[in-house]
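J.: Dumping the structure here so I can ask a few things about it.
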Amino acid sequence: MERAVHDRGGWSTGSAIDRTEHELADWELLTDALVGALGREGVMNVDELRRGIESMPRDAYERASYYERWLYSLETILTEKGILAPGELDQRVAG
Amino acid sequence: MSEHDHDHPHAPIADGDEPATAARARALAELLIFKGVVRREDVRQMIDWLVSRTAADGARLVARAWVDPEFKQRLLADARAAALELGLDPGPSPVVMAVENTQAVHHMVVCTLCSCYPRALLGPPPDWYKSLPYRSRAVSDPRGVLTEFGVELDGDVELRVLDSTADIRYLVIPLRPPGSEEMTEQLLAALVTRDAMIGVAQPVAPTPASVQ
Amino acid sequence: MRFGVGERVLIAARAHEGHHRTPGYLKGKVGTIEHAHGAFTNPETRAYGTDGLPEQPLYLVGFLQREVWPEYRGRADDRIYADLFEHWLAKAR
């Protein structure tokens, strides 16, 4: 049975465990806090966040950093809910 | 070496492209606040909470359990309630479960599916806990992982790995180290590391030469 | 709660399109009920914007590592545990 992209138990990567740690960047804290605030408002829950992450194509999932996955999921789920219009965030970033 | 799929609605994800991602996150936050979907004050409060979280709270639970056997039983029965008893914030998970290392059993915690972690009590999880190699091997080769982390279990110790797949958050009560018998609760707490409460380290008491 | 501590259960090996929290490495494996957690909201429905009700029974299930991984390197009594919903479990024969 093929594994979903996030289902990693026993899925060998051939890589050693890199124990380098980094302090969370401001944008990472912000992303985390957005998910918390959206949860508090009842707009999006943590299971939806996970589903959004799990919808990433495999190569994107593997290349993305942890909070890049969260950002991807936020955009996916909020667009799905009609809270973001498709392309709206692109426009905002560009503008 | 990322490939940009221009049909894809998401920003290209590229290693090291932090400024672009940071800008995108900030733009998203401003958009959601502007639309009234979230309040700026709530976002700030969440950030404040996140940065307030450290492993010191978890260490306090462990140190108390080490010196007070009846508290330890309460901690094992309901870690969430035990945290509240000490005035600590157990976090939003409905259930926190403490598991005890003994001479016979060593525990280790992982979330193979994402990154579930008792961060109210331990602070944010380290990058390696969220990494694909740890999520893969903590369940299939935990003794190999422990060796990489410098933990060598005695030959007759059973290893139990807990995969946090649902709403329960797991906290390991590590073994109280030999040589710590005279230490106060406060000093004991300083011996308890985040990694020991994940199960990839064991607390060590300072050697007599290094004690004041 | 349908299962009691100590009961042996078989984890369903069914394909499940969509969000679920039963790890692939445990599907089709047999484990033992270690603890009954009670009932929790169902992530499989909550992930699609519902409230996840009615709550579903959840168990901590333990497995012998040597029965999960053909090439497991460790002790014969090493175990792996996961929290699994009742609707993924059947009484093992």
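The values are calculated or read from the model by the stated rules, or taken from the named source; none is laboratory data. Owing to the predicted nature of the structure, the values given are computational and were not obtained by experimental measurement. Methodologically, a virtual Cβ is constructed for each residue, glycine included, from the backbone with ideal geometry; neighbour enumeration extends over all protein chains shown.
J.: If A:TYR67 meets every condition in (1) facing chain B (nearest Cβ under 7 Å); (2) touching a Ser or Thr at 6+ places or on another chain (Cβ under 8 Å); (3) not in a loop (DSSP other than H, G, I, E, B) apart from one, which number is that one?
T.: Unmet for A:TYR67, out of (1) facing chain B (nearest Cβ under 7 Å); (2) touching a Ser or Thr at 6+ places or on another chain (Cβ under 8 Å); (3) not in a loop (DSSP other than H, G, I, E, B): (1).
J.: Turning to a different aspect of this structure: Would you be able to say whether some residue in the range B:2-24 is modelled with pLDDT of 95 or more, assigned to a helix (DSSP H, G or I) and in contact with a Pro (Cβ under 9 Å, 6 or more places away or on another chain)?
T.: Checking the range B:2-24: not a single residue is modelled with pLDDT of 95 or more, assigned to a helix (DSSP H, G or I) and in contact with a Pro (Cβ under 9 Å, 6 or more places away or on another chain).
J.: While we're here: Just the residues that are within 25 Å of A:ASP7 (Cβ to Cβ) and within 11 Å of chain A (Cβ to nearest Cβ), please, taken from the range B:148-160.
T.: B:GLU148, B:PHE149
J.: In the range A:1-15, what residues are among the small types (Gly, Ala, Ser) and exposed (fewer than 11 other Cβ atoms within 10 Å of the Cβ)?
T.: Matches in the range A:1-15: A:GLY14 only.
J.: Next question. Report, by residue number, each residue of the range C:51-91 that is touching a residue at least 40 places away in the same chain (Cβ under 8 Å), part of a strand (DSSP E or B) and charged (D, E, K, R).
T.: C:ASP83, C:LYS91, listed by residue number.
J.: Let me ask something else about it. So, in the range B:137-152, of the ones that are out of contact with any Leu (no Cβ under 9 Å at 6 or more places or on another chain) and not in a helix (DSSP H, G or I), which residue ends up farthest from B:LEU175 (Cα to Cα)?
T.: Per the stated criteria, the residue is B:ASP141.
J.: Counting just the residues of the range A:37-52 that are surrounded by 22 or more Cβ atoms within 10 Å (Cβ to Cβ) and more than 7 Å from every other protein chain (Cβ to nearest Cβ), which one comes out nearest to B:ARG40 (Cα to Cα)?
T.: Here the residue is A:MET44.
J.: While we're looking at this one, here's another question. For the list (1) over 30 Å from C:GLU86 (Cβ atoms); (2) facing chain C (nearest Cβ under 10 Å); (3) crowded, with 21+ Cβ neighbours inside 10 Å, I need the number of the one condition that B:ASP195 fails.
T.: Unmet for B:ASP195, out of (1) over 30 Å from C:GLU86 (Cβ atoms); (2) facing chain C (nearest Cβ under 10 Å); (3) crowded, with 21+ Cβ neighbours inside 10 Å: (2).
J.: Mind checking which residues of the range A:11-34 are assigned to a helix (DSSP H, G or I) and within 7 Å of another protein chain (Cβ to nearest Cβ)?
T.: A:TRP27, A:LEU29, A:LEU30, A:THR31, A:ASP32, A:ALA33, A:LEU34, listed by residue number.
J.: In the range A:81-95, which residues are in contact (Cβ under 8 Å) with a residue 12 or more places away in the chain and assigned to a helix (DSSP H, G or I)?
T.: Within the range A:81-95, A:LEU89 is the sole residue that qualifies.
J.: Out of everything in the range C:63-84 that is over 20 Å from B:SER136 (Cβ atoms) and within 8 Å of another protein chain (Cβ to nearest Cβ), what residue ends up being farthest from the chain's Cα centre (by Cα)?
T.: Filtering the range C:63-84 for residues that are over 20 Å from B:SER136 (Cβ atoms) and within 8 Å of another protein chain (Cβ to nearest Cβ), the one farthest from the chain's Cα centre (by Cα) comes out as C:ARG75.
J.: Tell me, yes or no, whether the range B:197-206 has at least one residue that is outside any loop (DSSP other than H, G, I, E, B) and within 13 Å of B:MET108 (Cβ to Cβ).
T.: Yes, because at least one residue in the range B:197-206 is outside any loop (DSSP other than H, G, I, E, B) and within 13 Å of B:MET108 (Cβ to Cβ).
J.: I'd like the full set of residues that are more than 9 Å from every other protein chain (Cβ to nearest Cβ), among the β-branched types (Val, Ile, Thr) and within 18 Å of the chain's Cα centre (by Cα), limited to the range C:21-54.
T.: Answer for the range C:21-54, where residues must be more than 9 Å from every other protein chain (Cβ to nearest Cβ), among the β-branched types (Val, Ile, Thr) and within 18 Å of the chain's Cα centre (by Cα): C:VAL30, C:THR32, C:ILE33.
J.: Provide a single number: the residues in the range B:117-136 that are part of a helix (DSSP H, G or I), at the interface with another protein chain (Cβ under 7 Å from one of its Cβ atoms) and hydroxyl-bearing (Ser, Thr, Tyr).
T.: Matching residues across the range B:117-136 total 2.
J.: Right, here's the next one. Looking at B:THR102, B:THR54, which is the one that is away from chain A (no Cβ under 14 Å), over 30 Å from A:ARG63 (Cβ atoms) and part of a loop (DSSP other than H, G, I, E, B)?
T.: Sole residue among the options that is away from chain A (no Cβ under 14 Å), over 30 Å from A:ARG63 (Cβ atoms) and part of a loop (DSSP other than H, G, I, E, B): B:THR102.
J.: Quickly run through the range B:135-182 and pick out the residues that are surrounded by 20 or more Cβ atoms within 10 Å (Cβ to Cβ), over 16 Å from C:ASP78 (Cα atoms) and of a type in the set (Gly, Ala, Ser).
T.: Matches in the range B:135-182: B:SER136, B:SER164, B:ALA166.
J.: Which pairs have Cβ atoms under 7 Å, sit 6 or more apart or on different chains, and link a residue in the range A:11-28 that is aromatic (Phe, Trp, Tyr) to one that is exposed (fewer than 11 other Cβ atoms within 10 Å of the Cβ)?
T.: Pairs found: none.
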